[in-house]
Amino acid sequence: MDRNDSSWRARQPKGTSAGGQYATMRSNEARISLINNKHQMNQTLTKTLNEFDGLMVDGVLTGRDGQFQVNFMSANEDQHLTDGLAMLEEEARKHGFFELKVHPNALEDFDTPEQSAGFLSSAGYKFDGQSYVKELRQRPADIAPEPAPEPAPVKPAPAPKPPRPDVVKPSPAPEPPPAPDTSSGTLSERGVPTAEITEKNYDGSVPVPAHLTAKYQELIRNINDPQGGEQGAVAFGALLAKRADVLAGFDVEAEAERLRKDTMRIRNEIKDGLVASRGHATMDGISSRLEWRVKSADLSDPTLKVNNTKLRDAYRQTLAEIRPMGGTAQTGKRAQKKAISYLNEATKNFPTEWVERSNTHGNPLVPKMSTRRAHYIPARLTQDGLTAPLTMNEESSYVDGQAGAVAVATHEFTHRMEDVVPGIYHLENQFRTRRTTLPNGRLEPLVPIYRHTPREKARVDHFASRYMGKVYGFGGYTEIMSTGTEALFGGEYGGLTGMSRGTSADKDMRNFILGVLGGHTVKN
């Protein structure tokens with residue numbers, strides 16, 4: 001172990017410094033430090049001396065003063081130190097040591113120095129006033145302890161000669177800056193050059209570099225590439241998700257685990273209540289009550305709302321680091337002011353390029369508030385000509401300080417993006433097809449989404465909601481991107497992170513949504 005290592009100093013006996021008694025040890029003498037498995041081995045050891053069943057003995061032979069320090073670690077707490085000492089003695093003999101010294105405080109397996117002293121005495125060690133010593137082999141008479149070397153006399157440095165007046169000495173070149181430490185810490189802390197960041201070493205501590213963004217934008221554009229299309233979006237989204245989690249500043253998985261455990265608590269309460277009132281509990285009975293209980297708990301949880309806000313802002317910042325985001329949506333006649341306000345809050349969640357596409361392509365948007373089911377219709381003939389109605393409604397919010405209607409507006413505006421931004425539907429369809437294809441190559445069967453409206457059907461996969469796998473009777477639209485953006489920026493469906501008492505995480509879909517938002521560009 002390196003003598004300059006701070007952990008080595010910490011294990012020295014009190015009153016002993018690195019330049020103290022052990023610094024004056026003679027050649028072919030040994031010092032050992034036996035420690036139990038509460039400690040970790042230092043990884044800077046220069047040489048492994050030996051390995052034994054149940055024991056690991058590491059150490060350093062300096063080659064300069066013959067000192068032999070080892071760390072003794074027992075993989076079996078019942079292993080007797082007698083066996084360890086015997087092995088160390090044998091190892092020391094192999095390396096030519098005449099004696100072995102053990103400081104009484106080195107045996108941390110004992111509670112008191114007296115117990116340590118008793119053990120060493122029984123093992124044949126004699127106390128010399130400072131350490132317990134055991135002769136390992138006979139020291140030849142002609143080999144005496146080596147005296148400490150006399151310090152060499154220091155010669156005074158010659159006075160510098162004055163420079164000749166006709167000779168101008170050039171200034172020394174500036175020293176290059178020290179190379180960044182690339183051995184530990186985050187990419188940011190280590191100062192790794194941007195050009196050396198790859199998918200493998202990226203940790204989210206810095207924005208996703210431009211060369212990776214360009215690579216994945218090209219892959220996403222090429223839907224026929226096996227690694228492109230939706231697969232490229234998922235891979236790119238994984239990088240963006242790392243960045244967002246860092247910017248959010250809290251442990252997303254730990255928060256998801258807290259809510260999962262609370263879901264189990266609520267479920268057990270429901271089950272016990274049904275058994276007490278009915279004498280039994282069925283899965284349907286539990287599920288019908290669990291859904292509204294967990295939704296109510298999520299909506300009233302201030303910690304969850306704050307964390308959803310942090311994630312929403314982190315997604316926006318992450319995407320803004322790689323492309324312009326947001327913009328003002330142009331709307332047609334008879335649009336309602338309140339609906340316009342909600343819509344322009346929602347446009348912050350989309351690339352500026354997409355918002356501008358909406359403003360210059362397709363029929364003019366006419367956002368309105370409604371008490372009925374929200375919807376987007378790409379074309380409707382009105383007294384003002386062809387328009388694109390986009391309705392939203394007031395709902396409860398999972399995000400602190402954000403109206404629930406903003407999440408609805410985000411959902412419906414995503415359908416507008418499917419309508420005016422080429423390529424989004426193809427990426428969605430690829431993603432949904434992959435997720436809903438069975439091992440035999442066939443698509444999952446269509447099943448009703450709701451009991452009361454059997455005409456709406458979906459391929460359910462393991463989406464956070466059946467509605468995500470909805471299949472329309474006409475092409476051009478899915479519910480993948482719309483429910484996904486609603487989840488990420490509005491906290492619906494646990495934000496796809498598992499941060500909900502009622503849904504599990506879907507990292508694949510989260511990555512896809514982020515990848516499309518960050519990587520899908522409009523080809524001119």
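Just so it is clear, none of the values below were taken in a lab; they were calculated from the coordinates. Given the structure is predicted, the values throughout are model-derived calculations rather than measurements. Here the Cβ positions follow ideal geometry from the backbone for every residue, glycine too, while neighbour counts run over all protein chains shown.
Some values worked out for this structure:
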read-out	value
Theoretical FRET efficiency, 1/(1+(r/R0)^6), r = Cβ-Cβ of Asn440 and Arg372, R0 41 Å, to 0.05	0.50
Förster radius 30 Å - calculated FRET efficiency between Lys507 and Ser287, Cβ distance, rounded to 0.05	0.75
DSSP-defined antiparallel bridges as percent of all bridges, the range 210-519, nearest 5	60
Theoretical gain in end-to-end length, Asp272 to Arg137 [0.36 nm per residue, Cα-Cα removed]	41.1 nm
Ratio of the Cα radius of gyration of the range 210-519 to 2.2 N^0.38 Å, where N counts its residues	1.02
FRET efficiency for Asp400 and Lys338, using Cβ-Cβ distance with R0 set to 35 Å, rounded to 0.05	0.95
Residue list for the range 222-252, given a label point 7 angstrom along the Cα-to-Cβ vector of Asp203 and an amide N cut-off under 18 Å	239-252
In the range 283-360, the trypsin sites (Lys or Arg not before Pro) that fall in loop regions by DSSP, at most 11 other Cβ within 10 Å	Lys333
Amide H partners (placed H, <5 Å) of Glu99, local residues excluded	Ala30, Leu136
